[in-house]
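In what follows, a structure is listed as structure tokens, so that the remarks can point back to it.
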Amino acid sequence: MDVQQIDQNLISIAAFILLAARRLVLSWQSSIMLRKGERIVCYWSGDCETSQTVVVQKGKYVKRYKPHEVKERKNGFLVLTNERLVWLEQRGIFGKSYHALFEMPLEHLKGISMGGAIMKYVSITDAEGEQTFHLMGIGSRELDSFKQTVFEQVEARKRSLEEEKQKDRVHILLDFSFLKSYMEKGGLVLQTFKCPECGASVKFPDAGSQTVCGHCGANIYANDVFKKIKDLIG
């Protein structure tokens, strides 16, 4: 076999590996239902470690029951989007499938740390508890870079949510027209509403930041009406 033939074989092997890797990525990407405006930022392959306590029976003549912690590790991908962290568990040997077992909204993330003397693991915590991962290519040296990648998205997510809140407040204070649009998106159409002071029926205005009850003369602000409507729509 000459050098040219060897080079051609190596190119074919490399192309096959790249194609297989691309198919693998596409297969797990199709398992995530991305929301409007959501995009995948980064991902890491590895495993997720879970533990549960089981009761073990000991002793041949005198039976004793002792709690024992059992750990289990499942392969998959930890996926970071601009809104959340998602764990996709890999199942199957030949025909692999991926399943989103849990997700963590970025605004709820509390901390990231590393543990393990030899087998390093990444611990990610939120209000509901801790999730433990062994991620390929993430060790003590790479932890800071990993944390920076995640926390950049956390801060961006918090800013985005705050901007949305501020935008809602500004529109509500300006006029009732935004409030009508908001209700229509939620499938709610109101022609009248009750005065919060006397309970009389008040016609829903087309615009303006406030209106007046024709029965008791109370000022009714769009902001107050919005709070009640938001509870109905969710």
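If Glu107 satisfies all but one of (1) in contact (Cβ under 8 Å) with a residue 24 or more places away in the chain; (2) under 17 Å from Trp44 (Cβ atoms), what's the number of the condition it fails?
Of everything listed in (1) in contact (Cβ under 8 Å) with a residue 24 or more places away in the chain; (2) under 17 Å from Trp44 (Cβ atoms), Glu107 misses just condition (2).
Under 31 Å from the mean Cα position of the chain (by Cα), in a loop (DSSP other than H, G, I, E, B) and exposed (fewer than 15 other Cβ atoms within 10 Å of the Cβ): which single residue out of Ala156, Ala117 fits that description? Full working, then the answer.
Details: Ala156 fails: in a loop (DSSP other than H, G, I, E, B).
That would be Ala117, the only listed residue that is under 31 Å from the mean Cα position of the chain (by Cα), in a loop (DSSP other than H, G, I, E, B) and exposed (fewer than 15 other Cβ atoms within 10 Å of the Cβ).
Mind counting the residues in the range 182-197 that are over 37 Å from the mean Cα position of the chain (by Cα) and either surrounded by 13 or more Cβ atoms within 10 Å (Cβ to Cβ) or outside the structural domain of Phe226 (by TED's automatic domain parsing) (or both)? Walk me through how you get there before you give the answer.
Going through the range 182-197, the residues over 37 Å from the mean Cα position of the chain (by Cα) turn out to be 191-192, 194-197.
Imposing the further condition that a residue be either surrounded by 13 or more Cβ atoms within 10 Å (Cβ to Cβ) or outside the structural domain of Phe226 (by TED's automatic domain parsing) (or both) reduces the set to 194-197.
Count: 4.
Going by the conditions given, is Trp28 surrounded by 14 or more Cβ atoms within 10 Å (Cβ to Cβ), outside any loop (DSSP other than H, G, I, E, B), at pLDDT below 80 and hydrophobic (A, V, I, L, M, F, W, C)? Outline the logic, then answer.
Working: surrounded by 14 or more Cβ atoms within 10 Å (Cβ to Cβ): yes; outside any loop (DSSP other than H, G, I, E, B): yes; at pLDDT below 80: yes; hydrophobic (A, V, I, L, M, F, W, C): yes.
For Trp28, the condition - surrounded by 14 or more Cβ atoms within 10 Å (Cβ to Cβ), outside any loop (DSSP other than H, G, I, E, B), at pLDDT below 80 and hydrophobic (A, V, I, L, M, F, W, C) - is met.
If I filter the range 137-145 for residues that are out of contact with any helix residue (DSSP H, G or I) (no Cβ under 6 Å at 6 or more places or on another chain) and over 16 Å from Trp44 (Cβ atoms), do I get at least one hit?
Let us first name the residues in the range 137-145 that are out of contact with any helix residue (DSSP H, G or I) (no Cβ under 6 Å at 6 or more places or on another chain), namely 137, 139-145.
Still in the running and over 16 Å from Trp44 (Cβ atoms): none.
Checked against the condition, which is being out of contact with any helix residue (DSSP H, G or I) (no Cβ under 6 Å at 6 or more places or on another chain) and over 16 Å from Trp44 (Cβ atoms), the range 137-145 yields no hits at all.
Could you go through the range 170-178 and let me know if any residue there is surrounded by 13 or more Cβ atoms within 10 Å (Cβ to Cβ), among the hydrophobic types (A, V, I, L, M, F, W, C) and at pLDDT 75 or above.
Going through the range 170-178, the residues surrounded by 13 or more Cβ atoms within 10 Å (Cβ to Cβ) turn out to be 171-178.
Filter once more, so that each one left must be among the hydrophobic types (A, V, I, L, M, F, W, C): 172-174, 176, 178.
This time we only want the ones that are at pLDDT 75 or above, so: 176, 178.
Yes: one or more hits.
Just the residues that are modelled with pLDDT under 65 and out of contact with any strand residue (DSSP E or B) (no Cβ under 8 Å at 6 or more places or on another chain), please, taken from the range 37-76.
Gly59, Lys60, Tyr61, Val62
What number of residues in the range 184-217 are without any contact (Cβ under 8 Å) to a residue 12 or more places away in the chain and hydrophobic (A, V, I, L, M, F, W, C)?
2
Given the criteria among the small types (Gly, Ala, Ser) and surrounded by 11 or more Cβ atoms within 10 Å (Cβ to Cβ), does Ser140 qualify? Quick ask: steps written out before the conclusion?
On the way: among the small types (Gly, Ala, Ser): yes; surrounded by 11 or more Cβ atoms within 10 Å (Cβ to Cβ): no.
Judged against the criteria, Ser140 is not a match.
The values are calculated or read from the model by the stated rules, or taken from the named source; none is laboratory data. A quick note: this is a predicted structure, and the numbers were derived from the prediction, not measured. Here Cβ is always computed from backbone atoms with ideal geometry, including for glycine, and neighbour counts include all displayed protein chains.
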